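The values are calculated or read from the model by the stated rules, or taken from the named source; none is laboratory data. Just so we're clear, the structure is a prediction, and the values are computed from it rather than from any experiment. Note that each Cβ is placed from the backbone with ideal geometry, even for glycine, and that neighbours are counted across all protein chains shown. SASA here: full protein model, heavy atoms, side chains in, ligands and nucleic acids out. Shrake-Rupley method; radii C 1.70, N 1.55, O 1.52, S 1.80 Å.
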Amino acid sequence: MKRIFILFLLIAAQLLSINNRAISEEITEPKKEKVHFNEIWGYMMRGEEKLFTGSEPVTDIFYFSCSINYKGRLNIDVKPPVLPSKTDFDRRTHIVITELSNPALMHFVFNPVYEIRDKLIDDIVTVSEKFDGVQLDFEAIAADDKEPFLLFLEKLKQKMKPEKVLSIALPPRRKHVADAYDYKKISSIVDRVFIMTYDQHWSTSKPGPVSSLSWCKEVSRYAEKNIPKEKLVMGLPLYGRSWQDNNYNKSLRIGKMEDIFSKQNITHEYSDETGDKIVYKDTVEITAFCDNNNSIREKLLLFSQFTDSVGFWRLGFENRSIWDEMAIYKFSAENE
């Protein structure tokens, strides 16, 4: 009988220890709260629609599917993607119109002397009828074309229906640059401004994070000073980059990083500032930088101090558990 009593005491003590440890862990490791935003944007490439499940907390899809041709015109037959929807809010779809590398074409398009500007504006207005909005991603505008570009934006905004959202993607800035991308003037015309807060280090640079936390903070501070909060959308990358010692480099999808972690003899460092840094041998030495859910969460918390809207380039690249880190404020008459 005495042995049974002692055994009972031992079991009770063990159960009490487990319970105390669970309580202690609950106290020291509280459940993380979701980071809330009014709008969460996601960029989608045509052909990658199946990578989107419809359950993501994404309020706005930006469909990368329409570029300016060599004549300065658009394919006006582009159609919105057919996507699943498993959310309790209505998702908007925007068409992204691009020209990324040809400043001569941009000059041709914006200069009224060549009589193509108004035709392109009419093309954009026509395409906008099928979407909730239009975004311009023009990354090769010469500084000398700043004023014609601003006039182009004004005329486009005047012609679009008031309910259609006109947004623009702009390069990240930490200080004023004498180029065509004047944050203040552009934001006074368009409805939303998306800051591409990535490519701090990229294909032609030395190895480094695509968007370090301190760099994002500097970009956010400059954007806040020049763009109204209700128009500002801060962008986050869902990719990293790797560099080889022969200067060859490539982009990395965050969702595929487990392939690198599975390699032999890797050296891994993590910080909120840089995300994951991995060095490994694969014939040559390779250095890779990439965000993970922790470092993305730090950026979400940072951006939430400056704006109520964030966006991701690009859907399908993510570790899907990242969507558990964020949520959308319920839409109401006050924040619509």
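Observations on the model:
- Of the residues Glu285, Glu258, Glu273, the single one that is acidic (Asp, Glu) and touching a residue at least 60 places away in the same chain (Cβ under 8 Å) is Glu273.
- Count of region 36-75 residues, restricted to those that are of a type outside the set (Ser, Thr, Tyr), farther than 30 Å from Ile116 by Cα and touching a residue at least 24 places away in the same chain (Cβ under 8 Å), is 16.
- The condition of being open to solvent by 10 Å² or more (accessible area, probe 1.4 Å), within 20 Å of Ser188 (Cβ to Cβ), of a type outside the set (A, V, I, L, M, F, W, C) and outside any loop (DSSP other than H, G, I, E, B) holds for Lys155.
- Of the criteria (1) open to solvent by 60 Å² or more (accessible area, probe 1.4 Å); (2) farther than 22 Å from Ile254 by Cα, which one Leu170 fails: (1)
- Against the numbered list (1) open to solvent by 20 Å² or more (accessible area, probe 1.4 Å); (2) under 22 Å from Gly311 (Cα atoms), Met234 comes up short only at (1).
- Count - residues of region 104-136 that are open to solvent by less than 60 Å² (accessible area, probe 1.4 Å), under 20 Å from Ser65 (Cα atoms) and either in contact with a His (Cβ under 8 Å, 6 or more places away or on another chain) or of a type outside the set (S, T, N, Q) (or both): 14
- Across region 186-205, the number of residues qualifying as touching a helix residue (DSSP H, G or I) at 6+ places or on another chain (Cβ under 6 Å) and in a helix (DSSP H, G or I) comes to 1.
- Subset of region 76-128 (residues that are within 26 Å of the chain's Cα centre (by Cα) and either free of Cβ contacts under 8 Å to residues at least 24 places away in the same chain or in a helix (DSSP H, G or I) (or both)): Asp88, Asp90, Pro103, Met106, Ile124, Val125, Val127, Ser128
- Looking only at region 173-185, and only at residues there that are touching a helix residue (DSSP H, G or I) at 6+ places or on another chain (Cβ under 7 Å) and free of Cβ contacts under 8 Å to residues at least 40 places away in the same chain, the one that is surrounded by the most Cβ atoms within 10 Å (Cβ to Cβ): Ala180
- Qualifying position, being of a type in the set (D, E, K, R), touching an Asp or Glu at 6+ places or on another chain (Cβ under 9 Å) and modelled with pLDDT under 95, among Lys281, Lys263, Lys277, Lys299: Lys263
- Filter result for the condition that a residue is aromatic (Phe, Trp, Tyr) and surrounded by fewer than 19 Cβ atoms within 10 Å (Cβ to Cβ), over Trp215, Trp202: Trp202
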